[in-house]
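Asks: Before I ask anything, here is the structure I am working with.
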């Protein structure tokens, strides 16, 4: 059985606004399984936004665990991410999950990986998934050469560029913002 995966998720913090977005494509092997998957989720009454890439079922497991950690640590996103990463590395069940998360709040962007990493990206831009390098490159260029754009506009344009290039990324975009 093939795993449903492949996507592009991008987060940008710019001029006091944070936006995160993703495409809607899910694939099984080399076939499009669904074109309108919602990979962006609101947690903590919209104070934390997340996006996932990888196996959908695995991502939902991680999102549930991350939400539990956020609740346990009073909404402190960095502390919740670190505690989830510790569990992810040591728990036999979680270690087998094939997914990555980006989590954002008004102050920070974090990338959580299955190897136990919690990364704060340089330049306030983070991307995961099969089209991540295209989207990240576009976002970095926009931050440098089109600083008048909002974070939301940068995310939308960068994901559109990624969708034009990456066969595992489509143009059904979902974007959420804070600030």
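The values are calculated or read from the model by the stated rules, or taken from the named source; none is laboratory data. Bear in mind the structure is a predicted one, so any value in this text is a computation, not a measurement. A quick note on method: Cβ atoms are made from the backbone with ideal geometry, for glycine too, and the neighbour counts reach across all protein chains shown.
Asks: Can you tell which of 81, 19 is in a helix (DSSP H, G or I), at pLDDT 95 or above, buried (at least 21 other Cβ atoms within 10 Å of the Cβ) and touching a helix residue (DSSP H, G or I) at 6+ places or on another chain (Cβ under 9 Å)?
Replies: So the residue among 81, 19 that is in a helix (DSSP H, G or I), at pLDDT 95 or above, buried (at least 21 other Cβ atoms within 10 Å of the Cβ) and touching a helix residue (DSSP H, G or I) at 6+ places or on another chain (Cβ under 9 Å) is 81.
Asks: Residue 55 - would you say it is modelled with pLDDT of 95 or more and under 17 Å from the mean Cα position of the chain (by Cα)?
Replies: Here the answer is no, as residue 55 does not meet what is asked.
Asks: Let me ask something else. Only one of (1) buried (at least 18 other Cβ atoms within 10 Å of the Cβ); (2) under 13 Å from residue 12 (Cβ atoms) fails for residue 112. Which number is that?
Replies: So the condition that residue 112 fails would be (2).
Asks: Here's something else I'd like to know. State all residues of region 59-78 that are assigned to a helix (DSSP H, G or I) and in contact with a helix residue (DSSP H, G or I) (Cβ under 9 Å, 6 or more places away or on another chain); if no residue qualifies, say none.
Replies: 61, 62, 65, 66, 67, 68, 69, 70, 71, 72, 77
Asks: Just to check your reading of the model, which residue among 71, 123, 172 is surrounded by fewer than 18 Cβ atoms within 10 Å (Cβ to Cβ), closer than 24 Å to residue 44 by Cα and out of contact with any strand residue (DSSP E or B) (no Cβ under 7 Å at 6 or more places or on another chain)?
Replies: Sole residue among the options that is surrounded by fewer than 18 Cβ atoms within 10 Å (Cβ to Cβ), closer than 24 Å to residue 44 by Cα and out of contact with any strand residue (DSSP E or B) (no Cβ under 7 Å at 6 or more places or on another chain): 71.
Asks: Take residue 86 and decide whether it is in contact (Cβ under 8 Å) with a residue 40 or more places away in the chain, over 30 Å from residue 165 (Cβ atoms) and surrounded by fewer than 18 Cβ atoms within 10 Å (Cβ to Cβ).
Replies: no
Asks: Can you name the residue in region 143-179 that is part of a helix (DSSP H, G or I), in contact with a helix residue (DSSP H, G or I) (Cβ under 8 Å, 6 or more places away or on another chain) and touching a residue at least 24 places away in the same chain (Cβ under 8 Å) and, of all such residues, is nearest to residue 104 (Cα to Cα)?
Replies: 155
Asks: While we're looking at this one, here's another question. Taking residue 121 and the conditions (1) in contact (Cβ under 8 Å) with a residue 12 or more places away in the chain; (2) in contact with a helix residue (DSSP H, G or I) (Cβ under 6 Å, 6 or more places away or on another chain), which numbered condition does it fall short on, given that it satisfies the others?
Replies: Just one mismatch for residue 121, condition (2).
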